[in-house]
1. Could you give me the residue pairs with C-beta distances under 6 Å whose first residue belongs to segment 57-70 and is touching a residue at least 12 places away in the same chain (Cβ under 8 Å) and over 16 Å from Gln24 (Cβ atoms), whose second residue is part of a helix (DSSP H, G or I) and hydrophobic (A, V, I, L, M, F, W, C) wherever it lies, and which are 6+ apart or on separate chains?
2. Check whether at least one residue in segment 3-19 is among the basic types (Lys, Arg) and under 15 Å from Gly75 (Cα atoms), and report yes or no.
3. Please list, ordered by residue number, the helices (runs of 4 or more DSSP H) wholly in the chain having 2 or more residues that are at pLDDT 95 or above and out of contact with any Pro (no Cβ under 8 Å at 6 or more places or on another chain).
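The values are calculated or read from the model by the stated rules, or taken from the named source; none is laboratory data. Fair warning: this is a prediction, and the values are worked out from it, not measured in the lab. Methodologically, a virtual Cβ is constructed for each residue, glycine included, from the backbone with ideal geometry; neighbour enumeration extends over all protein chains shown.
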Amino acid sequence: MASGPNVDANLDHAGELIRSAAEQGAELVGLPENFGLIGASERDKLDHAEADGAGPMQDFLAAAAARHGIWLVGGTVPIAT
C-alpha cells in the first residue's frame with residue numbers, strides 16, 4: 001500500500017486490501033505506518049489530527065475489524081493532544 005495525501009482514497013484502498021486478506025482467511029491484518037495519510041509536510045498530519053477515540057481513521061479501523069471479524073493493526077493515526 002502506498003498512501004498519499006487523500007485520506008478518503010487511502011481508507012478506500014486499505015478497505016480493499018483488508019477485505020481481500022479477510023476473504024483469504026486472515027485473522028490478523030496489519031496496515032503500514034501512516035496508512036491513512038502521507039502528507040507533504042508535518043503540518044498535514046496536524047490538519048488531519050483526530051480526537052482520541054473518534055475520527056475517520058479510527059472509525060474506519062473499528063468498523064473494518066468488526067465487519068470482517070479480524071484483528072486489525074493500523075500504523076500511526078494522528079491524534080490531537
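1. Sorted first by the residue in segment 57-70, then by its partner, the pairs are Phe60/Leu11.
2. First, pick out the residues of segment 3-19 that are among the basic types (Lys, Arg): 19.
When the remaining residues are screened for being under 15 Å from Gly75 (Cα atoms), the result is none.
No, segment 3-19 contains no residue that is among the basic types (Lys, Arg) and under 15 Å from Gly75 (Cα atoms).
3. Working: elements: 7-23, 42-47, 56-68.
Per the criteria, 7-23, 56-68.
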